[in-house]
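Remarks on the structure that follows.
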Amino acid sequence: MLKITFKTFVCFIVIWSLASLTFAGSANGNTHGLLKAKLDAYFQQLEVEENFCGSVLVAKDDKVLLQTGYGMAIYEKGTPNKANTVHAIASLTKGFTAMSILMLAERGLLSLDDPVSLYLPQVPNSGNIKIYHLLNHTSGLFEMTNNPLLWPKMGDFHTPLELLQYFIDEPVNFQPGTDWEYCNSAFVTLGIIIEQVSGMSYGEFIRENILDPLHMEHTSYDPYGNNFPNQAIGYDDITTNPPLVAFPLHPTVPYTAGAVYSTVQDLYKWDRALYTDQLVSFKSMQQMFTPGLGDYGYGWYIDNLMVNGQPHKQIWHWGNYSGFFGFFSRLVDDNTTIILLRNTSPLTVSQDELRPIITDVAEILFEE
């Protein structure tokens, strides 16, 4: 567990638990009320300690137990975070990109075994790199964010083909399929392939094929900066006075590797759909969620979350964007979902910064 003042935590638990017992009308109601009280107390304490500022959704057994916000979406205006606050979800975008590729494959418009050279011959080693290598981070492509030429231009508009310039002249790191290395360049390449094959922009494709069918009305890929009215501002530091606003990264830079905006509520709709064949067949879903090198499938990590000494199968991803940090955990055998969207930059640029919160929440859910 994270280090939280035990006395304060217990006080919150007792007060909220008594309230929930008063108003809950059934055994299930009592259980859900107690869990909600404990979860809310936990996140309130994190908020007090300035260790969490953002939106949270926790669901178990098809029941949403907690969906709310903590801290401020916009400190300058005193606008609080809520369950419908829109956040940049960064690399959680990769799941949408992978789904788009699987959709095109099922329609016969491409094959996962296609060499990248069929679409982008200028990509290094493209004759040997297959589309599935891009999906599971085994392509060996140079990571574009490691190119020092990109950093001074992070706030500038880029076309997808301009993004290629940050890695097409660099040598590959390894031969495809022989190693694993997280690679945004691979998902930028996938985005260009999606647009070529579909004849649509990425934003149009996911809107028509994913977002609208799932009624994800507060989710968008919009690199041109049309903001939602309830969109959070990203901060580098909320402990300063005034809080330090993060550098305005232009969304065309992360592109199909990380430029989607969403809410915890919309992402729960996405989670629900991933248990069904509404978007693609179960066969394609099995491909997506089969771990390979690096415990990575297609756009998702697959491993076990240890909770109270017991393994729970977890399908998950994290996202890091200037001023935003998120973690989406699906404990699929337990029908449990934990979604954290924080509008503050990570301190360590590592998923391990939010993983302890995921573990703590799971321990609260499974402690009985």
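The values are calculated or read from the model by the stated rules, or taken from the named source; none is laboratory data. Note that the structure is predicted; figures quoted are calculated from it, not measured. Ideal geometry is used to build each Cβ from the backbone, glycine not excepted, and the neighbour counts take in all protein chains shown. Just the protein is used for accessible areas: all its heavy atoms, side chains included, with ligands, DNA and RNA removed. Shrake-Rupley method; radii C 1.70, N 1.55, O 1.52, S 1.80 Å.
Failed condition for L347, given (1) farther than 16 Å from C53 by Cβ; (2) hydrophobic (A, V, I, L, M, F, W, C); (3) open to solvent by 20 Å² or more (accessible area, probe 1.4 Å), with all others met?
Among (1) farther than 16 Å from C53 by Cβ; (2) hydrophobic (A, V, I, L, M, F, W, C); (3) open to solvent by 20 Å² or more (accessible area, probe 1.4 Å), L347 violates only (1).
Select from segment 74-90 the residues that are surrounded by fewer than 23 Cβ atoms within 10 Å (Cβ to Cβ) and of a type in the set (G, A, S) and list them in ascending order.
Across segment 74-90, the qualifying residues are G78, A83.
Based on what the data block shows, is D333 assigned to a helix (DSSP H, G or I), open to solvent by 10 Å² or more (accessible area, probe 1.4 Å) and either free of Cβ contacts under 8 Å to residues at least 12 places away in the same chain or in contact with a strand residue (DSSP E or B) (Cβ under 6 Å, 6 or more places away or on another chain) (or both)?
yes
Which residue out of G54, G71 is within 24 Å of L347 (Cα to Cα), in contact with a strand residue (DSSP E or B) (Cβ under 9 Å, 6 or more places away or on another chain) and open to solvent by less than 10 Å² (accessible area, probe 1.4 Å)?
G54
Among residues belonging to segment 160-198 that are among the hydroxyl-bearing types (S, T, Y) and closer than 14 Å to A257 by Cα, point out the one that is surrounded by the fewest Cβ atoms within 10 Å (Cβ to Cβ).
Y182
Here is a check on your reading of the model: is S284 hydroxyl-bearing (S, T, Y), over 25 Å from V86 (Cα atoms), in contact with a helix residue (DSSP H, G or I) (Cβ under 9 Å, 6 or more places away or on another chain) and touching a residue at least 24 places away in the same chain (Cβ under 8 Å)?
In short, yes.
Would you call K3 surrounded by fewer than 19 Cβ atoms within 10 Å (Cβ to Cβ) and modelled with pLDDT of 95 or more?
Numbers: surrounded by fewer than 19 Cβ atoms within 10 Å (Cβ to Cβ): yes; modelled with pLDDT of 95 or more: no.
Taking the combined requirement at face value, the residue does not satisfy it.
Looking for something more than 29 Å from A246 (Cβ to Cβ), touching a helix residue (DSSP H, G or I) at 6+ places or on another chain (Cβ under 8 Å) and open to solvent by less than 10 Å² (accessible area, probe 1.4 Å) - is there at least one such residue anywhere in segment 113-122?
yes
Within the set of pairs 6+ apart or on separate chains, which have a first residue in segment 199-222 that is open to solvent by less than 70 Å² (accessible area, probe 1.4 Å), a second that is part of a loop (DSSP other than H, G, I, E, B) and hydrophobic (A, V, I, L, M, F, W, C), and C-beta atoms under 6 Å apart?
Final answer for the pair search is Y221/A259.
Of the residues N136, N146, N128, which is open to solvent by 40 Å² or more (accessible area, probe 1.4 Å) and under 23 Å from the mean Cα position of the chain (by Cα)?
N146
Only one of these is of a type outside the set (S, T, N, Q), in contact (Cβ under 8 Å) with a residue 24 or more places away in the chain and not in a helix (DSSP H, G or I): K36, K82. Name it.
K82
Considering segment 298-321 alone, what residues qualify as being buried (at least 21 other Cβ atoms within 10 Å of the Cβ) and assigned to a loop (DSSP other than H, G, I, E, B)?
Y298, G299, W300
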